[in-house]
Amino acid sequence: MSLRFESVSMAYTPGTPVLEDIDLDIAPGEFVTIVGASGSGKSTLLSLVAGLTKPTKGRIALDGRTVGGPGPDRGMAFQSPSLYPWRTVAQNVAFGLETRGFSRQARKERVAWLLDEVGLTEHAGKLPGSLSGGQQQRVSIARALARSPKVLLLDEPFGALDVQTKEDMQLFIRQVWRDLGTTVVMVTHDVEEAVFLGRRVLVLASDPGRVARDLRVEPLGEGLEVKRSAEFLAVRAQVEDLVRREHRAHLAAAHA
Amino acid sequence: MVSVESPPVERATAPAPRVKLLKTKVSRRTAWILRVASVAVPFALWWAVSGSGVVPDRFLPAPPQVWAAFTDMVASGDLQNDLLASLGRIGAGFGLAVLVSVPLGFLMGTVGWAQPLFEPIIGILRYLPASAFIPLLIIWLGIGETSKIALLVLGVVFFNTLMTADVVRQVPRRLLDVSATLGAGRARVAARVVFPHSLPGILDALRVNAAVAYNLVVVAELIAATSGLGYRITRAQRFLQTDKIFAILIVIGLIGLTIDVTLRLVRARVGRWSV
Ligand SMILES: Nc1ncnc2c1ncn2[C@@H]1O[C@H](COP(=O)(O)OP(=O)(O)OP(=O)(O)O)[C@@H](O)[C@H]1O
Ligand SMILES: [Mg+2]
């Protein structure tokens with residue numbers, strides 16, 4: 001009963017819903033990936049959970065409580081790391097902890113722990129501008145995790161990285177998920193990534209966005225070599241077909 | 001298409017000409033030579049022309065005469081007093097303008113209602129040349145310090161407000177979103193995100209407008225004052241002392257340069273992350 005969508009609809013302009021009647025239950029500790037054609041409303045769905053936008057109908061509840069705005073129980077990271085360029089790596093991670101309720105000592109310990117978790121301890125004092133794209137994304141994820149959110153929302157977090165870095169990051173985020181036990185909801189346009197990481201893959205339909213398919217993926221193995229196994233390729237092809245079908249339908253609707 | 005039979009591609013022996021337009025590199029040494037030349041060449045030209053006797057001394061004094069006029073003014077203490085008077089006015093007028101315009105611009109850039117409320121009136125006012133207000137300010141406030149400080153405020157406050165507002169609006173949406181998800185409320189976002197992100201840009205605007213304030217104070221003193229660098233110029237004009245005028249102009253230029261370099265250093269220090 002952790003994260004719950006109750007007939008959620010969202011329209012930026014009245015009359016043209018981006019998401020319509022979404023019902024969804026995400027259990028605590030799940031790793032859910034979301035794929036779908038461009039414009040199907042994946043980012044919108046995440047920003048609804050983050051509380052950055054409000055649904056026009058329905059409600060989203062986290063542990064029974066309606067989401068009314070952004071809050072530290074939901075951490076978020078975007079494709080662009082969006083770090084504070086004037087703050088050091090450690091200060092970036094500490095941003096969410098700079099409120100009452102965290103002593104200086106508690107903050108320091110937490111930041112040190114997070115930097116260790118994301119493997120950036122020796123970069124703590126650097127400015128983000130001097131880090132690589134993958135390192136910046138690690139900082140952004142560590143920052144999102146600072147207040148121990150119940151849900152970690154990731155919007156195409158590795159979309160801008162090269163293939164090798166991306167695969168490192170996939171193993172990294174799975175390790176983080178294992179270590180922390182938070183729910184992860186990750187949007188990606190990379191079906192291989194979605195099937196590799198997600199224990200559950202949601203395929204969104206377009207016009208308006210709806211959950212077209214809700215697939216459970218059994219863990220096929222740990223390492224990257226799984227991506228070449230027959231079972232993996234079969235699931236991947238299945239999801240790709242679904243996405244492609246939605247994409248075609250979207251194009252047809254656009255031309256009609 | 002590449003096929004086995006295709007003729008071998010001719011290898012260019014000369015390296016292809018590189019496009020060098022935007023940032024042609026110049027060595028540090030050359031750059032310094034150019035910097036020195038940039039000042040030394042006009043100076044040498046001045047010396048040569050004034051020494052040649054083509055132009056009467058009264059119009060174009062030679063550097064040694066100007067130096068003598070300068071040491072005279074320093075010896076009598078006039079120059080120091082005038083400089084202090086001018087700088088005091090800038091400090092008060094520009095400082096006041098900054099105290100008003102930075103918070104106002106910040107408000108316009110961040111709060112929804114402030115922009116439509118202030119933008120139209122400021123947009124109109126900033127096109128009125130500040131120096132055209134001098135007669136009015138003298139009628140209202142007399143020829144004392146108040147009218148000069150008011151002129152500086154008028155000349156700087158509108159531009160600096162709009163420039164600050166523009167800078168503030170440049171904070172990326174994403175950074176604000178991220179901050180909200182990290183639990184930061186409006187006040188904390190303003191103080192910890194918008195302000196530090198805007199600070200280098202705000203300093204850039206200040207640097208531009210400090211030059212405006214500096215020019216304006218001299219203009220104001222030319223028209224009505226009993227002290228200040230501008231006043232000293234009008235005095236010298238009355239006695240046809242072009243050597244003094246030259247000396248004061250050079251002092252004005254050098255002080256201006258000092259202000260600019262100082263602000264530039266501060267800006268570089270504060271905005272290390274933004275380069
Ligand atoms: N702030 C906004 N105002 C108006 N329309 C918007 C806004 N954000 C998104 N949209 C529209 O909503 C639809 C869904 O956008 P969204 O960004 O959620 O899609 P997406 O699935 O994340 O796409 P992509 O894969 O390209 O990132 C698009 O048609 C987009 O034009
Ligand atoms: Mg998106």
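The values are calculated or read from the model by the stated rules, or taken from the named source; none is laboratory data. No experiment lies behind these values; they were computed from the predicted model shown. Note that we place each Cβ from the backbone using ideal geometry, even for glycine, and neighbour counts take in every protein chain shown. Ligands, DNA and RNA are stripped out before the accessible areas are found, and what is left, the full protein with its side chains, is counted by its heavy atoms. Shrake-Rupley method; radii C 1.70, N 1.55, O 1.52, S 1.80 Å.
Observations
- For chain A, the longest principal axis of the alpha carbon atoms and the long axis of helix A:163-180 meet at an angle near 80°.
- In the full protein context, region B:55-274 carries 50 Å² of accessible surface per residue, based on a 1.4 Å probe and ignoring ligands, DNA and RNA.
- Chain A against chain B buries an accessible area of about 1700 Å², both chains summed, 1.4 Å probe radius.
- For region A:1-136, accessible area per residue (1.4 Å probe, heavy atoms of protein chains only), Å²: 44
- Using alpha-carbon coordinates, inclination of helix A:133-145 to the longest axis of chain A, degrees: 90
- Positions from region A:95-144 whose accessible area shrinks by 50 Å² or more when the full protein complex is built, not the chain alone, probe 1.4 Å: A:95
- Nearest-0.05 FRET efficiency for residue B:72 and residue B:166, computed from C-beta distance (R0 51 Å): 0.65
- Residue ranges B:178-186, B:163-171, A:94-102, A:61-69 sort as B:178-186, B:163-171, A:94-102, A:61-69 when ordered by packing (mean number of other C-beta atoms within 10 Å per residue, highest first).
- Available extension along the chain between residue B:38 and residue B:204 is 57.3 nm, counting 0.36 nm per residue and deducting the alpha carbon span.
- Residues along region A:42-82 losing 20 Å² or more of accessible surface when the other protein chains are present rather than the chain by itself (probe 1.4 Å): A:52, A:70, A:72, A:76, A:78, A:82
- From the largest down, region B:136-178 spans 53, 13, 10 angstrom on the principal axes of its Cα atoms.
- Occluded residues from region B:159-187, i.e. those whose accessible area drops by 50 Å² or more once the chain is not alone (1.4 Å probe): B:174, B:175, B:178, B:181, B:182
- Estimated FRET transfer efficiency (residue A:228, residue A:11; beta-carbon r; R0 56 Å; 0.05): 0.85
- When each of A:54/A:150; A:166/A:227; A:42/A:150; A:54/A:108 is checked by Cα-Cα distance, pairs over 23 Å: A:54/A:108
- Region B:85-142 versus region A:90-119: alpha-carbon centroid distance in Å: 43
- GNM result for chain B, Cα springs below 10 Å: residue of B:209, B:160, B:81 fluctuating most strongly: B:81
- The C-alpha atoms of chain A define a longest principal axis, and helix A:230-255 lies at about 70 degrees to it.
- Sites residue A:174 and residue B:270 - FRET efficiency at Förster radius 45 Å, r taken between beta-carbons, to 0.05: 0.65
- Using only side-chain charges placed at the Cβ, +1 for Lys and Arg and -1 for Asp and Glu, the dipole size of region B:55-274 relative to its Cα centre rounds to 740 debye.
- Counted over the protein assembly as shown, the DSSP beta bridges are approximately 50% antiparallel.
- Sorted on the mean count of surrounding Cβ atoms within 10 Å across their residues, most packed first, peptides A:244-256, B:98-110, A:40-52 read A:40-52, B:98-110, A:244-256.
- Taking the accessible area of the protein assembly as shown, probe 1.4 Å, and keeping the other protein chains in place, the carbon and sulfur fraction comes to 61%.
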